[in-house]
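The values are calculated or read from the model by the stated rules, or taken from the named source; none is laboratory data. Model, not experiment: these values are computed from the prediction. Note that each Cβ is placed from the backbone with ideal geometry, even for glycine, and that neighbours are counted across all protein chains shown. Just so you know, the surface numbers come from the protein's heavy atoms only, side chains and all, with ligands and any DNA or RNA stripped out. Shrake-Rupley method; radii C 1.70, N 1.55, O 1.52, S 1.80 Å.
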Amino acid sequence: MGNMVGELEIYDVIIIGAGTAGLSAAVYAARASKRVLVLEETSYGGQIIYSPEVENYPGIGHVSGFQFATGLYEQAVGAGAEIRFEKADGIRILKEEKRYKIVFTDVNTYRTKTVIIATGSRSRRMGLDGEERLTGAGISYCATCDGAFFKGRTVAVYGGGNTALEEAVYLSGLCSKVYIIHRRNTFRAEQRMAEQLQQKNNIEYLMNCRVTAINGNEKLESLELSDGRVIESAALFVAIGREPQNDIYKDILTLDAYGYIIAGEDCRTSEEGIFAAGDCRTKQVRQLVTAASDGAVAALAAIVE
């Protein structure tokens, strides 16, 4: 079982989150012969597992998000990292022995020298009445997860970035009609994605408007828009950005106004021995490759603390 202090196992590095940043950190830390524990609440891979195809990771021409994540998971485990599927509930710094941190989960308590927070972010909610109630009954945040349930029907995608357009292209191959609802008059996505949309004849653009209400009792039936229109839609796939889940760290780390952990390119937070990697930290570019880079940077810093 390794070294023990009291009844708690000691790890050199505990990584919270098994997405691209977290698993990349695990590879680097484990290869440095450190005792590494990765904690993940749900499943490994993070948001990339929902992408049907990844084409912009250097050195890899085409791979599904699930294949990419599985390869990274196997690489981390093969290097010696231990991965447990437990929900991290908080971190406590030992005042009497500041060299160590205590990490609490829903089932265990661990002691570690350093922590890397790599919890990513989740899909931003619309904040509309009935949103939670209809999630899973027409409201979705993942077209590749739920699109097949609406084959041959009319659906809508809400957003104007890469994710929104990717979802619309995917759904256009399944559904009879796809609305794209965007609050601006131009998309924020890459030009390549916009060009793919132009090749689809079952996509209709609803620009300069927002979804203001969702209607339906047991399932989604229609959407109300800010320009007064009401459209019938069996599903609404929400892709209006992402938000971090860092509330449990706000008492020990400095967060910005949007809830991201303040950390620079060195991934160091306001607390010595705690690092933040990937989409959960303040940064200008949030891509698969930058998440992997953060994981490497954070791990190399953590193992010399």
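Classify segment 150-219: rounded, prolate or oblate, from the alpha-carbon gyration tensor (a ≥ b ≥ c, eigenvalue square roots; a/c under 1.5 rounded; otherwise prolate if a/b is larger than b/c)? The shape class here is oblate.
For the pair segment 101-130 and segment 8-79, the centres of their Cα atoms are 16 angstrom apart. Multiplying the residue separation of residue 84 and residue 262 by 0.36 nm and subtracting their alpha-carbon distance yields 61.4 nm. Computed in the context of the full set of protein chains, the accessible area of the chain at 1.4 Å probe radius has 45% of its extent on carbon or sulfur. Taking the empirical scaling 2.2 N^0.38 Å for compact globular proteins as reference, the chain has a Cα radius of gyration ratio of 1.09. Could you grab the relative contact order for the chain? Cα pairs under 8 Å, six or more apart, rounded to a whole percent. Relative contact order of the chain: 20 percent.
Across all directions of projection, what mean area in square nanometres is found for the Cα convex hull of segment 12-108?
Mean shadow area of the hull around the Cα atoms is 6.9 nm².
Sorted largest first by accessible area at a 1.4 angstrom probe radius, with every protein chain in place, the residues 85, 104 fall in the order 85, 104.
Simple rule: put +1 on each Lys or Arg Cβ and -1 on each Asp or Glu Cβ in segment 177-305, find the dipole, and look at 230, 275, 241; the Cα lying farthest toward the positive end is 230. Need the C-alpha centroid separation for segment 141-195 versus segment 246-305, integer Å. Each part reduced to its Cα centre gives a spacing of 31 Å. When cysteine pairs in the chain are screened for C-beta atoms closer than 4.7 angstrom, the residues that find no partner are 175, 209, 267, 280.
Once you charge only the Cβ atoms, +1 for Lys and Arg and -1 for Asp and Glu, what is the size of the charge dipole of segment 10-155 about its Cα centre, to the nearest 20 debye?
Numbers: 18 positive and 16 negative charges, 101 e Å.
Roughly 480 debye for segment 10-155.
Just checking the listed ones, 36, 211, 155: in the Gaussian network model of the chain with Cα springs under 10 Å, the one fluctuating most is 211.
Dipole magnitude for segment 216-285: computed about the Cα centre from +1 point charges on Lys and Arg Cβ and -1 point charges on Asp and Glu Cβ, it is near 140 debye.
Taking Cα pairs under 8 Å and at least six residues apart, what relative contact order does segment 91-183 come out at, in percent? Dividing the mean separation by the residue count of segment 91-183 yields 18 percent.
Of 127, 278, 161, which is the most mobile in a GNM of the chain whose springs link Cα atoms less than 10 angstrom apart? Fluctuation is largest for 127. Remark: the chain carries a charge dipole of roughly 340 debye about the Cα centre, counting +1 on each Lys and Arg Cβ and -1 on each Asp and Glu Cβ. Of 80, 46, 19, the residue with the greatest mean-square motion in the GNM of the chain, using alpha carbon springs below 10 Å, is 80.
Over 28 Å apart at the Cα level, from the set 151/283; 101/283; 113/250; 95/283, are 151/283; 95/283. The label point for residue 282 and the one for residue 8, both projected 7 Å from the Cα toward the Cβ, are 2.9 nm apart. Take every pair of alpha-carbon atoms less than 8 Å apart whose residues are at least six positions apart; their mean separation over the length of segment 166-305 yields a relative contact order of 13 percent.
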